[in-house]
Every structure is written in C-alpha cells, then in structure tokens.
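The values are calculated or read from the model by the stated rules, or taken from the named source; none is laboratory data. None of these values were measured; they are calculated from a predicted model. Note: ideal-geometry Cβ built from the backbone for every residue, glycine included; neighbour counts use all protein chains shown.
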Amino acid sequence: MSQIEHAFALAKKVFSGEMTQQGAANHLHKVHKINVNSAKIMIAVYGRMVRGLEFKRALSAPDMNYYLATFLAEGGPGSLKNPVKALWEHIEYYEAKNSVNLNALRDLYATYSAVSEGFKSAEDIQGSFQKAVEAAAKVPIAERQNLLKSFGKLPRTRPVVSLVYERNPYVVVEVLNRAKGMCERCKSQAPFKRRKDNTPYLEVHHRVRLADGGEDTVENAVALCPNCHRLLHFGRAEA
Ligand SMILES: [Zn+2]
Ligand SMILES: [Zn+2]
C-alpha cells in the first residue's frame, strides 16, 4: 500500500472513531517514514473534505487527486460535493494568503466539480451566466458593491461537453466567393483583411441554424460583416 492509500484508509478509521489521529499518524510515520506532522495533515484534510470545510495546509496535487478519485470510486459523484467545496475554499484561502496560483489544484477542482454536478454544455453555462447577470443588475447598488468584492479575483474554470457540427468547407469557400468581399446583407465592404492571407474578413452564417435542423448548403448560408452577423443573432427582428 502506498503512503497516500494508507493515509486515506487510516483517515477513514479516525473519522469513524476506530482510531485516534495521533495513533494513525504514528503508524504512518513508522511504516512510511513520513514526518508525524505531515501525516496528521493528511488525516485532517480527509476529515475537512468529508465535512466540506476549508483546510489550510495542502496536499500535493497527486495526493489530492488520489483522495478525490477515491471518494468518487467509493461513494459515486454525489459524495464529491463536500470534498470539492472544501478544496475550493482551500484554494481561495491559500492563494489569497500566499499570492500564488494553485493551478494544478484548480484543474482538479474543475474536473471533479464537473463530475460531481454532471457535465454541462457551454450553452447551458452561458445561459445560467446571463441569468446571473440579469439578477445581479437588480441588486441594489450598495449591496452590489459588497458582492462585487466578495468574489475571488481569479475565476474558477470548468470543463464542458460540446457537440460541434462538422461543417462542409466547400460551402464556406463557395459563399465567400459569391460575396466577393461584400456583406450580403448591408452590401458594405468587409471591414478588414485577414492577417493570415489578406482575404476580406466576412463570416459565413446559416439562415436556418444548424442547431434547428438547417442545412449546411450554399443556399442556406450567407457571408456577413461582423456587425450584421451579431445583429442577426442578438438584434431586434425589425432592425
Ligand atoms: Zn453587413
Ligand atoms: Zn451566424
């Protein structure tokens, strides 16, 4: 049994009252020659994670990965809720105190929080974010100023699942040729040339979205300047 496996197994016994923290730490020290204090930290971190509480002293990222993977293996995705919460509180605490970025732990947080909550699509996340922005705009200004400062400066990340359409490159070429550098909606010239090949910058848009069953064909596509393209996606219908 490796040191971290052993620590996890003994921490579980400490947490269930079968063993004292001191006894478990002494045992780890004897078998793996690790410092008794380090052993105590490994055990304490387990307990804080189970309860979803901030811990101050860190485990290495591989050790943290082992803990999270073992919670997942033993208890399923639902059992990650508290450990993931505790990990995030640790990251915020530690980064603020030491002016560092715990990137490896942040990656673990992103992965395991997605496993814990279920993977979402980028659109879902964008949608919830828009709702949050609308809700934030309704908070009275004084309260908003406090909330503004209550967030960490570096945002969390999360992995998403996405399905992408494998588009036909010949449709793009054909439509851009048809447009001859001119927006097919407002008829103005492309606003700039592409850095990579000096061709006019236009965007190929599907009249009926592929997501709504639109065809990836020349007939269903138009070349647009960026303004017209944004307008069609976000502007008012009559504009
Ligand atoms: Zn245009
Ligand atoms: Zn479009």
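Examine the stretch 34-41 for a residue that is part of a helix (DSSP H, G or I) and touching an Asp or Glu at 6+ places or on another chain (Cβ under 6 Å), and state whether such a residue exists.
Going residue by residue through the stretch 34-41, those that are part of a helix (DSSP H, G or I) are 36-41.
Remaining after also requiring touching an Asp or Glu at 6+ places or on another chain (Cβ under 6 Å): none.
No; the residues of the stretch 34-41 include none that is part of a helix (DSSP H, G or I) and touching an Asp or Glu at 6+ places or on another chain (Cβ under 6 Å).
Only residues that are acidic (Asp, Glu) and in a loop (DSSP other than H, G, I, E, B): list them for the stretch 162-181, please.
Going residue by residue through the stretch 162-181, those that are acidic (Asp, Glu) are 166, 174.
Correct list: Glu166 only.
Of the conditions (1) over 18 Å from Ser60 (Cα atoms); (2) in contact with an Asp or Glu (Cβ under 9 Å, 6 or more places away or on another chain); (3) at pLDDT below 95; (4) polar (S, T, N, Q), Gln126 clears all except one; give me its number.
(2)
Can you tell me which residue is farthest from His205 (Cα to Cα) among those in the stretch 182-195 that are more than 12 Å from ligand 1 (Cβ to nearest atom) and part of a loop (DSSP other than H, G, I, E, B)? It would help to see each step written out before you state the result.
Initial filter on the stretch 182-195 (more than 12 Å from ligand 1 (Cβ to nearest atom)): 192-195.
Within this subset, residues satisfying the condition of being part of a loop (DSSP other than H, G, I, E, B) are 192, 194-195.
Numbers: Phe192: 18, Arg194: 18, Arg195: 21 Å.
If we take residues in the stretch 182-195 being more than 12 Å from ligand 1 (Cβ to nearest atom) and part of a loop (DSSP other than H, G, I, E, B), then Arg195 is farthest from His205 (Cα to Cα).
Which of (1) closer than 30 Å to Gly152 by Cα; (2) without any contact (Cβ under 8 Å) to a residue 12 or more places away in the chain; (3) not in a helix (DSSP H, G or I) is the odd one out, the single condition Ala69 does not satisfy?
(3)
Tally the residues that are part of a helix (DSSP H, G or I) and within 30 Å of Ser60 (Cα to Cα), restricting the search to the stretch 129-152. Step through it out loud before you land on a result.
The initial filter retains those residues of the stretch 129-152 that are part of a helix (DSSP H, G or I), namely 129-137, 141-150.
This time we only want the ones that are within 30 Å of Ser60 (Cα to Cα), so: 149-150.
Number satisfying all stated conditions: 2.
Kindly indicate which of Arg156, Arg209 is of a type outside the set (Val, Ile, Thr), modelled with pLDDT under 95 and within 16 Å of ligand 2 (Cβ to nearest atom). Step through it out loud before you land on a result.
On the way: Arg156 fails: within 16 Å of ligand 2 (Cβ to nearest atom).
So the residue among Arg156, Arg209 that is of a type outside the set (Val, Ile, Thr), modelled with pLDDT under 95 and within 16 Å of ligand 2 (Cβ to nearest atom) is Arg209.
With respect to Asn168, is the statement that it is at pLDDT 95 or above, more than 16 Å from ligand 1 (Cβ to nearest atom), among the polar types (S, T, N, Q) and in contact with a His (Cβ under 7 Å, 6 or more places away or on another chain) true? Break it down stepwise before answering.
Values: at pLDDT 95 or above: yes; more than 16 Å from ligand 1 (Cβ to nearest atom): yes; among the polar types (S, T, N, Q): yes; in contact with a His (Cβ under 7 Å, 6 or more places away or on another chain): no.
Here the answer is no, as Asn168 does not meet what is asked.
Keeping to the stretch 196-206, report how many residues are within 12 Å of ligand 2 (Cβ to nearest atom) and not aliphatic (A, V, I, L, M).
Step one: filter the stretch 196-206 for residues within 12 Å of ligand 2 (Cβ to nearest atom), giving 202-206.
If we keep only those that are not aliphatic (A, V, I, L, M) too, we end up with 203, 205-206.
The total comes to 3.
For Val222, state whether it is in the same structural domain as Val173 (by TED's automatic domain parsing), within 11 Å of ligand 2 (Cβ to nearest atom), more than 30 Å from the chain's Cα centre (by Cα) and farther than 13 Å from Leu176 by Cα. Write out each step before concluding.
On the way: in the same structural domain as Val173 (by TED's automatic domain parsing): yes; within 11 Å of ligand 2 (Cβ to nearest atom): yes; more than 30 Å from the chain's Cα centre (by Cα): yes; farther than 13 Å from Leu176 by Cα: no.
In short, no.
Count, please, the residues in the stretch 196-226 that happen to be assigned to a loop (DSSP other than H, G, I, E, B) and away from ligand 1 (no atom under 16 Å from the Cβ).
Within the stretch 196-226, the subset assigned to a loop (DSSP other than H, G, I, E, B) is 196-199, 201-202, 207-209, 213-220, 225.
Checking the rest, the ones that are also away from ligand 1 (no atom under 16 Å from the Cβ) come to 196-199, 208-209, 213-220.
Qualifying residue count for the region: 14.
Quick one: count up the residues across the stretch 164-215 that are of a type in the set (Asp, Glu), within 21 Å of Arg230 (Cβ to Cβ) and surrounded by 11 or more Cβ atoms within 10 Å (Cβ to Cβ). Full working, then the answer.
As a first pass, look at the stretch 164-215 and keep what is of a type in the set (Asp, Glu): 166, 174, 184, 197, 203, 212, 215.
Filter again for within 21 Å of Arg230 (Cβ to Cβ), leaving 184, 203, 212.
Add one more test, that the residue is surrounded by 11 or more Cβ atoms within 10 Å (Cβ to Cβ), and what stays is 184, 203.
Selection size over the stretch 164-215: 2.
Please count how many residues of the stretch 129-151 are at pLDDT 90 or above and either aliphatic (A, V, I, L, M) or over 30 Å from Leu163 (Cα atoms) (or both). Working first, answer last.
Here is the first cut: in the stretch 129-151, the ones at pLDDT 90 or above are 129-148.
So of that shortlist, the ones also either aliphatic (A, V, I, L, M) or over 30 Å from Leu163 (Cα atoms) (or both) come out as 132-133, 135-148.
Residues that pass the stated criteria total 16.
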